[in-house]
Structure formats: structure tokens, C-alpha cells
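Read through the structure below, which is laid out as C-alpha cells, and then see the notes.
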Ligand code: SF4
Ligand code: SF4
């Protein structure tokens, strides 16, 4: 039998960054979505929302696999759909959604990979799954009784099943001393760990500005590209520079609304109404800051025209 493998070329016409949900089974201290009750809400919310839709702390609306499949198919374009959350694997019928979308489109899934993946492996062919983008979240993983070793076994399983796996480690100050040990452990099995900077306040100091030189040296070379490095430590701006976001790239939010990108909230439609009004021409960026490394790396905007503030 031919071995299954991921696509070798990233072929697509347009990009959709789909923030699927905000519910998550983890409670990382540096999460953008600060909510100490979150995992309780996730469990109770899943049960209640089906019955009383008004009780919905994150305003997530659930879409069915065929609805979202038809939404993208009718554009007659091949989309690279980058799904993140929250935690996508807690979304109802998530595997069906991926199965339907991956018939015609290219998929990336951002996940903490803490939930079971056997069913996903059985049901999904890797041929249209560009990658899993796995966040290690070491402290929270261990707090929940799991470990880096357990994650390593899971990513090996995914790789054996033909999926491409990328792994990232948030350089949260108390975890930096463990970065090298973890990097070496995964590297010995053929996985590179990418570092992501922590944004926020720890021990009264704000980051990334307050990393010491020693701390930075530990993880800096593991930030994967020049674009990621710039977006990590500078305030990038492309104000008034032409950007194809809105035409070739969209952001979909948990309530279904479609916006130009994560920073420009111009409304371009909603997946639940099936309407999408993409720009027909390239427009200038009109927001002061951009951290959208996906748009920059995809060439939506010219990185060389950046201003750093
Ligand atoms: S896994 Fe991601 S979404 Fe979930 S709590 Fe951690 S940072 Fe937030
Ligand atoms: S440059 Fe960045 S912030 Fe501006 S429109 Fe493009 S993706 Fe959005």
C-alpha cells in the first residue's frame, strides 16, 4: 500500500484564517483570552448551548461541515484554510468539518494537541492537510498531568500517519530554562521546535521588552524567520502600504463574521449568511500595526516597506 503523505507544494488561490472558537481545555497563564472559568465554561457551554443558544460566553456559532464546505466550494477557488482557536478539537464535529473542507482545500490546524487524535488519523487523508501547528504549552500541559514525552509520542503518531507537524514553544519566562532540554528531546526524534515570544506581564515586568540578554540568547535562533523575528520584537506597521488582505486573505471570527485581516475589522460578510464581499482591487493598509505574519509571509504586503515603531 502506498504510504500516505502531506502535500509537497503549498498550492492555493486565497487564504482564510479561521478563528474557529475561543473555548479551550487549557488555561495557559499567557492566553490572549483571559478567562479563569474557561474549561468549565467549555464543558458546560457545549451542553447548554445546543439547548439555549443565548447562553454562549464566547459567542461561538457552530457551523456544519456541509455548510462551510459549500461556502468555500462555491467561490471556485482553492483556499488555504488555517484553523485556530481556542482549541479546535473541542469544536463540535470538528473532524467532519476538516474532512469536508480537505476534499478541495488545503488545511492547517493550530492546536495544543492534548485531546485524542486516533479518530482524526483514521478519518482524514493527509493529502490536503498542509500541517499541524502544535503549541507545546509546557507548563499548562504538565499542570494537567500530561508531559512533553506524551506530546512527543502523539506527534510521532501523526507523522507516521503522513501528517506534517510543526511545534512551537512559548518563551514564557519561568519556562525558558527548560527550552534547550525540550528542543534537544524533540530534535533527537527529527522535530524542530520553534520559539514564540511571550507577550504580557510576568513578575511585574512586561515582555518581550524585558527579556534579559541571556534569556533571549537561549531561544532567539529558534524563532523561524526574519519576519517572525521582526514581528516578535518590533511594532510593525504597513499603514498606507498596499496589501492584498481583503482580496486574497480573510479572517473568519467565532461569530462567523469575515474581516479583512486580524487587525482591520472591515466587515466583508459572514459564513452563516453565506455572503462574502471580497475587495476586487488591492487596497492600502489602514490600521497602525500589523502582526499578521501569515499575510506578510504570503506576500500580501511587501515586508521591505515596513515601518517599525
Ligand atoms: S492552548 Fe492556546 S487557546 Fe488554549 S489556553 Fe493555551 S494559549 Fe489559550
Ligand atoms: S498590512 Fe497587515 S494589518 Fe494591514 S491590511 Fe495587511 S494584513 Fe492587515
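Candidates 146, 131: the one that is modelled with pLDDT of 95 or more and not in a loop (DSSP other than H, G, I, E, B) is 131. Being away from ligand 1 (no atom under 16 Å from the Cβ), farther than 26 Å from residue 176 by Cβ and either in contact (Cβ under 8 Å) with a residue 60 or more places away in the chain or surrounded by fewer than 18 Cβ atoms within 10 Å (Cβ to Cβ) (or both) is a condition met by at least one residue of region 215-238. State whether one or more residues within region 275-288 are in contact (Cβ under 8 Å) with a residue 12 or more places away in the chain, within 26 Å of residue 199 (Cα to Cα) and within 16 Å of ligand 1 (Cβ to nearest atom). No, region 275-288 contains no residue that is in contact (Cβ under 8 Å) with a residue 12 or more places away in the chain, within 26 Å of residue 199 (Cα to Cα) and within 16 Å of ligand 1 (Cβ to nearest atom). Filtering 300, 290 for residues that are within 9 Å of ligand 2 (Cβ to nearest atom) and touching a helix residue (DSSP H, G or I) at 6+ places or on another chain (Cβ under 8 Å) leaves a single hit, 290.
If the condition is being in contact with a helix residue (DSSP H, G or I) (Cβ under 9 Å, 6 or more places away or on another chain) and more than 15 Å from ligand 1 (Cβ to nearest atom), then region 134-147 contributes only 147. Candidates 200, 246: the one that is farther than 21 Å from residue 78 by Cα and out of contact with any helix residue (DSSP H, G or I) (no Cβ under 9 Å at 6 or more places or on another chain) is 200. One residue stands out among those in region 170-197 that are touching a helix residue (DSSP H, G or I) at 6+ places or on another chain (Cβ under 8 Å), in a strand (DSSP E or B) and more than 19 Å from residue 82 (Cα to Cα): the one that is nearest to ligand 2 (Cβ to nearest atom), which is 197. When region 234-243 is limited to residues that are part of a loop (DSSP other than H, G, I, E, B) and within 8 Å of ligand 2 (Cβ to nearest atom), the one that is farthest from residue 284 (Cα to Cα) turns out to be 238.
Being more than 22 Å from residue 30 (Cβ to Cβ), assigned to a loop (DSSP other than H, G, I, E, B), touching a residue at least 12 places away in the same chain (Cβ under 8 Å) and more than 16 Å from ligand 1 (Cβ to nearest atom) is the requirement here; does residue 265 meet it? So residue 265 does not fit the description; no.
Number of residues in region 254-265 that are within 16 Å of ligand 2 (Cβ to nearest atom), more than 13 Å from residue 72 (Cα to Cα) and touching a strand residue (DSSP E or B) at 6+ places or on another chain (Cβ under 6 Å) equals 6. Here residue 124 passes the criteria (1) on the phi < 0 side of the Ramachandran plot; (2) surrounded by fewer than 18 Cβ atoms within 10 Å (Cβ to Cβ); (3) more than 17 Å from the chain's Cα centre (by Cα) except the one numbered (2). With respect to the conditions (1) away from ligand 2 (no atom under 16 Å from the Cβ); (2) surrounded by 12 or more Cβ atoms within 10 Å (Cβ to Cβ); (3) closer than 24 Å to residue 82 by Cβ; (4) modelled with pLDDT of 70 or more, residue 38 lacks only one, and its number is (4).
The values are calculated or read from the model by the stated rules, or taken from the named source; none is laboratory data. Since this is a predicted model, take the numbers as computed values, not measurements. All Cβ positions, glycine included, derive from the backbone under ideal geometry; neighbour counts span all protein chains shown.
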